[in-house]
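Data block below; observations after.
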Amino acid sequence: MKKIDAFIHTRRSHYVKEFTGETVPNEVVERMLANGQMAPSHKLTLPWRLKVFSGIEKDNLCKKMEQYYVEKTAAEKFDQKKLEKIRTYSNKISHIISIGMHLSHQIPEWEELAATAMAVQNMWLTLSDEEHAAGYWTTGNGTGSEMMKEATGLAEGDVQLGFFFLGMVTEKRWAALR
Ligand SMILES: Cc1cc2nc3c(=O)[nH]c(=O)nc-3n(C[C@H](O)[C@H](O)[C@H](O)COP(=O)(O)O)c2cc1C
């Protein structure tokens with residue numbers, strides 16, 4: 001197997017319950033962003049809007065996610081266990097990278113979406129080369145809502161496509177369910 005094949009095959013989703021609460025080094029986050037930036041886009045529209053939240057800003061965003069769950073979950077769907085899980089976010093997650101998309105209107109929306117997803121993939125693959133830094137793309141936690149659009153500083157017309165939750169794990173899983 002060539003190096004690139006190994007990175008692709010061992011890229012995994014690691015979840016909040018696996019995070020130790022330690023901080024992912026800034027250097028790793030910077031490399032993720034730099035690699036995300038290298039994704040291709042038609043007419044070079046560079047549609048991704050990747051915004052990093054750490055420290056108090058991350059804690060505030062986690063509070064917003066809790067608020068979103070409490071305010072927007074229908075009574076019959078409300079799950080206390082889910083709320084307790086959201087309340088662990090602040091202490092477990094190291095960084096949150098908000099995944100936003102800007103529409104240039106020069107090309108169809110699906111092309112902007114394809115390019116944004118490739119930027120996320122580049123960020124995610126960067127973690128394949130890390131022994132303990134890990135994460136996943138969540139499309140829950142208020143993704144796409146006005147509340148999250150505002151909380152992540154997106155402009156009018158931009159689309160909020162979720163969050164990349166980043167943390168440290170003790171051991172990486174390599175086996176894929178494919
Ligand atoms: C666009 C997108 C959204 C996702 N949203 C969620 C999510 O909200 N919750 C979750 O547990 N996993 C989410 N995932 C992770 C997938 O469940 C995961 O990629 C899949 O199970 C395969 O596992 P692997 O990434 O370890 O190969 C998402 C993945 C993608 C690509």
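Below, the figures for the structure above:
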| item | result |
| --- | --- |
| 222 nm mean residue ellipticity, helices alone, for the chain (DSSP H n ≥ 4; -39,500 (n - 2.57); rounded to 500) | -12000 deg cm²/dmol |
| 178, 12, ranked by accessible area, largest first (probe 1.4 Å) | 178, 12 |
| 19 Å Cα-Cα reach of residue 3 towards lysines, excluding residues that sit fewer than 8 places from it in its own chain | 172 |
| Within-13-Å neighbourhood charge of residue 137 [Cβ basis; K, R +1; D, E -1] | +2 |
| Alpha-carbon spread of region 3-168, three principal axes, descending order, Å | 45, 39, 27 |
| Mean accessible surface per residue for the chain, computed with a 1.4 Å probe while every protein chain stays in place, in Å² | 56 |
| Extension gain from residue 105 to residue 72, taking 0.36 nm per residue of separation minus the Cα-Cα distance | 8.8 nm |
| Rel. contact order, % - alpha carbon contacts under 8 angstrom, at least six apart, the chain | 39 |
| Accessible surface of residue 59 - all protein chains present, 1.4 Å probe, nearest 10 Å² | 50 |
| Gaussian network model of the chain, Cα within-10 Å springs - most flexible of 102, 14, 42 | 42 |
| Sulfur and carbon atoms: percent of accessible area, the chain [1.4 Å] | 54 |
| Solvent exposure ordering (accessible area, 1.4 Å, most first) of 72, 85 | 72, 85 |
| Residue 53 accessible area, assembled protein chains, probe 1.4 Å, Å² | 10 |
| Residue-span extension gain [residue 150 to residue 121] - 0.36 nm each, minus C-alpha spacing | 8.0 nm |
| Sequence of 161, 61 when ordered by accessible area, the most exposed leading, probe 1.4 angstrom | 161, 61 |
| Residue 49 - accessible surface, heavy atoms, 1.4 Å probe, Å² rounded to 10 | 90 |
| Whole-Å distance, taken between Cα centres, linking region 46-73 and region 1-23 | 22 |
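The values are calculated or read from the model by the stated rules, or taken from the named source; none is laboratory data. Keep in mind that what you see is a predicted model, and the values were worked out from it rather than measured. Counting neighbours? That spans all protein chains shown, and the Cβs are built from the backbone with ideal geometry, glycine included. With ligands, DNA and RNA removed, areas are computed over all heavy atoms of the protein, side chains included. Shrake-Rupley method; radii C 1.70, N 1.55, O 1.52, S 1.80 Å.
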